[in-house]
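A.B. asks: Can you read through this structure? Questions will come right after.
The values are calculated or read from the model by the stated rules, or taken from the named source; none is laboratory data. Given the structure is predicted, the values throughout are model-derived calculations rather than measurements. When we count neighbours, we look across all protein chains shown, and the Cβ atoms used for this are built from the backbone with ideal geometry, even at glycine. Remember, those area values only see protein heavy atoms, side chains included, never the ligands or the DNA or RNA. Shrake-Rupley method; radii C 1.70, N 1.55, O 1.52, S 1.80 Å.
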Amino acid sequence: IVELPNGVDVTEFHPDVDGGPVRVRVGIPSDAFVVFFAGRLDTAHHFKRLDVLLRAIHATGDRRIWGLVAGSGDLQPGYEALARELGIGDRVRFVGSVPHADLPPYFAAADVLALPSDATESFGIVLIEAMASGRPVIATDLPGVRTVVAHGRDGLLVAPGDVEALRQAIADVALMPVEVRRTMGHAGRAKVEASYGWERIGERLEAIYAEVVAECDARER
């Protein structure tokens, strides 16, 4: 069995993208700590567990922490209502569906990406997009996710559905010196360049094809 991971265009998702205009457009202060969530907000993707993230942001009790949510679907009104009920409606921006090509500035506008999915999450392409953008990530400790995120090096892993663990992880990253967050972001970027950039994946695919052709030739002799 041959496995190739999902890939990301490291020329589009990179640390030098300016996220300032996105913050200005959606009304997020320049000094806010922004937790970014990107994913479908529909019943089929309930496992993304935006509700857990909203509760965790609320539980921090820190008004400096804001949420930025990209995605749309039938559950969006309920998530927006939950944010209002929790008293964080003024600090969570729902920007709707964002075309993939327009996502890099949203990653750049964030300080950390959160992927609070439950046990049905397999990989999470947003993880490598965030890491390519030089952002640390917070994600649930699941088998597929563990293949991407190195806890304490380029992100933090928390138990699925654990609001308190997610709250603590968000608070920990928010309290980190900027230099430490930047170091985590650099580590993630280096990992993506080495293993998940389309150029690298293309090289691996070519090597696999070459190996298959060589094996076929050997069998025919």
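A.B. asks: Considering only 128, 88, 57, give the residue with the highest GNM mean-square fluctuation for the chain, with springs between Cα atoms whenever their separation is below 10 Å.
C.D. replies: Among 128, 88, 57, the largest GNM mean-square fluctuation belongs to 88.
A.B. asks: A follow-up question, please. How many Å² of accessible area per residue for segment 79-167, probe 1.4 Å?
C.D. replies: 36
A.B. asks: At what distance in nm do the modelled label points of residue 64 and residue 179 sit from each other, each positioned 7 Å from its Cα along Cα→Cβ?
C.D. replies: Using points 7 Å along Cα→Cβ, the separation is 1.8 nm.
A.B. asks: Less than 10 Å Cβ to Cβ from residue 174, Lys/Arg counted +1 and Asp/Glu -1: what total charge do the surrounding residues give?
C.D. replies: For residues surrounding residue 174, the net value is -1.
A.B. asks: Let me ask you something else. Using a 1.4 Å probe over the heavy atoms of the protein chains, calculate the carbon and sulfur portion of the accessible area of the chain as a whole percent.
C.D. replies: The computed percentage sits at 53.
A.B. asks: Moving to a separate point now. In the neighborhood of residue 118, defined by Cβ-to-Cβ distances under 9 Å, what is the net charge if each Lys or Arg adds +1 and each Asp or Glu adds -1?
C.D. replies: It works out to a net charge of +1.
A.B. asks: Another question about this same structure. If you take every residue apart from residue 159 with its C-beta less than 11 Å away from the C-beta of residue 159, what net charge results, scoring Lys and Arg +1 and Asp and Glu -1?
C.D. replies: Net charge in that neighbourhood comes out at -4.
A.B. asks: Moving on to the next point. Is the shape of segment 98-198 rounded, prolate or oblate, going by the alpha carbon gyration tensor and its root eigenvalues a ≥ b ≥ c, with a/c under 1.5 for rounded and a/b larger than b/c for prolate?
C.D. replies: Cα axes put segment 98-198 in the rounded bin.
A.B. asks: Also, I was wondering about something else. Which one of 65, 30, 14 has its Cα pushed farthest toward the positive end of the charge dipole of segment 1-84, where Lys and Arg give +1 and Asp and Glu give -1 at the Cβ?
C.D. replies: 65
A.B. asks: Let me ask something else about it. Please tell me the relative contact order of the chain in percent, rounded to the nearest whole number, where contacts are Cα pairs under 8 Å and at least six residues apart.
C.D. replies: Relative contact order of the chain: 25 percent.
A.B. asks: What do you get for the angle between helix 163-175 and the principal long axis of the chain? Use alpha-carbon atoms, 0 to 90 degrees, nearest ten.
C.D. replies: The two axes meet at around 90 degrees.
A.B. asks: Would you mind checking the tilt of helix 198-220 against the longest principal axis of the Cα atoms of the chain, expressed as 0 to 90 degrees and rounded to 10?
C.D. replies: 30
A.B. asks: Whole angstrom only: what separates the Cα centroid of segment 1-71 from the Cα centroid of segment 92-107?
C.D. replies: Comparing the Cα centres of segment 1-71 and segment 92-107, I get a distance of 8 Å.
A.B. asks: With Cα extents along the principal axes in Å defined as stated, name the option among (i) 48, 44, 31; (ii) 58, 40, 37; (iii) 73, 35, 30 computed from the structure displayed.
C.D. replies: Identified label for the calculated read-out: (iii).
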